Amino acid sequence: MNDLTQQQCEACRIGAPKVTEAERAELLPKIPDWKIERDGHLDKLKREYRFDDYPKALAFTQQIGELAEAQGHHPAILTERGKVTVWWWSHKIEGLHRNDFIMAAKSDLCYATKG
């Protein structure tokens with residue numbers, strides 16, 4: 001898929017630097033189905049994934065949850081009939097970190113290999 005899927009999240013601490021505009025411009029093309037969405041004062045990565053039915057959407061949600069737990073980085077997930085919406089952002093820095101782009105790419109890989 002891309003080099004982001006091969007990277008691991010680093011521990012994010014309060015005060016860690018957010019991605020710069022130049023880093024965003026470099027990273028966003030690597031996850032072309034994602035968009036940056038402004039939520040209040042926070043920037044978040046957002047993507048909707050489509051499924052044939054609720055059980056497939058729920059299974060994908062579980063897969064993303066397991067991925068998040070393994071990486072120690074957790075998204076907001078909305079599971080609906082035929083659709084899962086995922087938001088990645090770094091809570092401790094209230095914005096986007098490289099970890100969010102890594103997890104977005106890993107989420108896409110899960111979707112691409114969903115079976």
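The values are calculated or read from the model by the stated rules, or taken from the named source; none is laboratory data. Model, not experiment: these values are computed from the prediction. Cβ atoms come from the backbone with ideal geometry, glycine included; neighbour counts cover every protein chain shown. Quick note on the areas: whole protein, heavy atoms, side chains included, nothing else; ligands and nucleic acids left out. Shrake-Rupley method; radii C 1.70, N 1.55, O 1.52, S 1.80 Å.
Rounded to whole Å, the principal axis extents of the Cα atoms in the chain read 40, 30, 24, largest first.
Remark: relative contact order (the chain) = 37 percent; criterion is Cα-Cα distance under 8 angstrom and separation of 6 or more residues. The phi-based Karplus calculation (6.51 cos²θ - 1.76 cosθ + 1.60; θ = phi - 60°) puts the 3J(HN,Hα) values of the range 23-40 at 5, 4, 4, 7, 7, 4, x, 6, 10, x, 8, 9, 10, 8, 10, 8, 10, x Hz, whole numbers, x for Gly and Pro. In order along the range 85-102, phi translates into HN-Hα couplings of 10, 10, 10, 10, 6, 9, 4, 5, 10, 6, x, 9, 10, 3, 3, 5, 5, 4 Hz, rounded to whole numbers, per the Karplus curve 6.51 cos²θ - 1.76 cosθ + 1.60 with θ = phi - 60° and x for Gly and Pro. Between ARG24 and GLN6, full extension at 0.36 nm per residue minus the direct alpha carbon distance yields a gain of 4.6 nm.
Where both partners of a DSSP beta bridge lie in the chain, what percent of those bridges are antiparallel, to the nearest 5?
100 percent
Of ASP43, ASP52, ASP100, the residue with the greatest mean-square motion in the GNM of the chain, using alpha carbon springs below 10 Å, is ASP52. With only Cα atoms counted, the range 54-115 has Rg and Dmax values of 11.5, 35 Å. Using only DSSP helix segments of four residues or longer, with each worth -39500 (n - 2.57), what per-residue ellipticity at 222 nm results for the chain after dividing by its residue count and rounding to 500? Helix contribution divided over all residues of the chain: -11000 deg cm²/dmol.
At a probe radius of 1.4 angstrom, the accessible area of the chain per residue rounds to 56 square angstrom. Each label point was placed 7 Å from the Cα along the Cα-to-Cβ direction; for GLN71 and ASP53 their separation is 3.0 nm. Using θ = phi - 60° in the Karplus curve 6.51 cos²θ - 1.76 cosθ + 1.60, the 3J(HN,Hα) couplings for the range 44-58 round to 9, 8, 9, 8, 9, 10, 9, 9, 6, 7, 5, x, 5, 5, 5 Hz; x is entered for Gly and Pro.
Straight-line reach from LYS44: taking Cα to Cα under 19 Å and skipping same-chain neighbours fewer than 8 places apart, the lysines in range are LYS18, LYS30, LYS35, LYS83, LYS92, LYS106. Each other residue within a Cβ distance under 14 Å of THR61 adds +1 if Lys or Arg and -1 if Asp or Glu, for a net charge of +1.
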